[in-house]
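Working notes, beginning with the structure itself.
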Amino acid sequence: MSVPVRNVSFDVPANGRVALVGESGCGKSLTALAIGGLVERAEISGSVIGSPRIAYVFQNPMQSLNPVMRIGKQVEEGMRRNEESGSRQDRAEAVAQLLEAVGLPGSTVRRYPCELSGGQQQRVMIAMALAQSPDLLVADEPTTALDVTTQRDVLDLVVRMADERKTALLLITHNLGLVSRYAKFVNVMYAGEVVEHGDVASVLSRPRHPYTQGLLAAVPRLDAPRDAPLSDIPGTVPPPWDWPSGCAFHPRCPKARPECAASDFNGLCFFLRDETR
C-alpha cells in the first residue's frame, strides 16, 4: 500500500510562523489536512501535541464558501462553535466587527459569495477562520487564485491578524519568496517527507539538501542577465505508488550516489551526513 505522507514531524511554536514548502504533489496540503483530521478514507497515525484549536484558510475560497448562504451566516457558523460566542445579537455585532477588521464593510454580511471578488472572498475566509478563535491558523496556499497585488495584501492581513490575536500560523506554499517574507521556520517537503528544516534565514542562505538547493536555484532573480536561462529541477515529483527505492529524490538529484538508491537508505541525505561530520 502506498503511503503519500510518512514520518513527518515538526513544531509550530506558540504565536510562531512556520512554513511547509515544496513542489505540488509533495504532500504539503495532505499533511495540513491530517493535522485537523480532515482526510477521508485514509489511515492516519500520529498525534498533534497540545490539542490546539485549528482553523483553515484554503486556496480557493469560491469552492470553500457556500454559494447560497449569506456571508454573515457563514462567518457566524464559526463563532457558534466557540463557547464564549454569547447571544445571537452579540455574534451579529462580532461578525460585522470581524469583517471590518479584515478590510470589508459591515454591509458584507448580507451579500453572497458570488457578489465578491476573489480577494474579498479570501478575506471572508480569513474572517471565518478567526471567528473560531483558533490556536493554530493553517493557510494552505491562500493566494493561489489571486493577482500579485492582492496576494501581498491578503498575506499581510493573515500575518497581522494572527499576530494581533496571538495565533500560531502554518503557511503552506511553493513560493520561497513568501517563505522569506512571512515565516520564521521552514520545513521543506519532498515525496511525502520533510527533507530539510530549520529557521528561514539559515535554510535559505545555506541550503544543505540538494532539493532545497534546486528550489532556490529555480527562483528568478531580478539581477540576472536578461538572456540567462531559467534554472529548474529536471523531472517531476513521482506519485506515491511509483516512488523509487532509497531516497525518493535521487533520480532527479545532480549529486546522487549509487548508495542513494539502496533499499536500506535511512532517510538522511548523504550530502547532509557529510556536512555534519
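By the helix-only formula, in which each DSSP H run with n ≥ 4 contributes -39500 (n - 2.57) and the sum is divided by residues, the chain has a 222 nm mean residue ellipticity of -9500 deg cm²/dmol. Rank Pro105, Pro142, Pro207 by mean-square fluctuation in a GNM of the chain with C-alpha springs under 10 angstrom and give only the top-ranked residue. For the chain, modelled as a Gaussian network with Cα springs under 10 Å, the answer is Pro105.
Please work out the FRET efficiency for the pair Asp90 and Asp232, using the Cβ-Cβ distance as r and a Förster radius of 51 Å; give the result to the nearest 0.05.
Values: r = 54 Å, r/R0 = 1.05.
E(calc), rounded to 0.05, equals 0.45.
In the stretch 127-177, Cα pairs under 8 Å separated by at least six residues give a relative contact order of 49 percent. The Stokes-Einstein estimate for the stretch 126-173, based on a Kirkwood radius over Cα pairs and taken at 37 °C with 0.692 mPa s viscosity, is a diffusion coefficient of 300 µm²/s. Of the GluC sites (Glu not before Pro) found in the stretch 39-119, those that fall in a DSSP loop while having at most 10 other beta-carbon atoms within 10 Å are Glu40, Glu43, Glu83, Glu84.
Using a cutoff of 8 angstrom between alpha carbon atoms and counting only pairs six or more residues apart, the relative contact order for the stretch 70-183 works out to 25 percent. Scaled against the 2.2 N^0.38 Å expected of a compact globular protein of N residues, the Cα radius of gyration of the stretch 188-270 reads 1.20. Charge tally for Gln97 (other residues, Cβ to Cβ under 11 Å; Lys, Arg +1; Asp, Glu -1): -2. Between Val159, Val102, Val148, the Gaussian network model of the chain with springs among Cα atoms under 10 angstrom shows the greatest mean-square fluctuation at Val148. Normalised by the number of residues in the chain, the mean separation of alpha-carbon contacts (under 8 Å, six or more apart) gives a relative contact order of 26 percent.
When Ile126, Ile233 are arranged by Cβ crowding within 10 Å, least crowded first, meaning fewest neighbours, the order is Ile233, Ile126.
For the residues Gly235, Gly106, Gly22, a GNM of the chain with alpha-carbon springs under 10 Å puts the largest fluctuation on Gly235.
Considering all projection directions equally, how large on average is the shadow of the alpha-carbon convex hull of the chain, in square nanometres?
On the way: hull surface 68.9 nm².
So the Cα hull casts an average projection of 17.2 nm².
Size descriptor for the stretch 1-51, Kirkwood hydrodynamic radius: 12.4 Å (Cα pairs only, one decimal).
Taking other Cβ within 10 Å of each residue's Cβ, how do Lys28, Lys73, Lys166 sort, fewest first? Write out the running numbers ahead of the final one.
Values: Lys28 25, Lys73 12, Lys166 9.
The fewest-first ordering by Cβ neighbours comes to Lys166, Lys73, Lys28.
Each principal axis of the stretch 119-277 carries a Cα extent, and these read 52, 41, 33 Å when sorted largest first.
In the stretch 28-134 the Cα-Cα distances spread across 10 Å bins starting at 0 as 14, 43, 30, 13, 1 percent of all pairs.
Taking the fewest neighbouring Cβ atoms within 10 Å as the starting point, the ordered list for Arg257, Arg226, Arg111 is Arg226, Arg257, Arg111.
The numbers here are math on the coordinates, done by the rules we state, and not lab data. Everything quoted here is computed from the prediction, not taken from an experiment. Neighbour counts run over all protein chains shown; Cβ positions are idealised from the backbone, glycine included.
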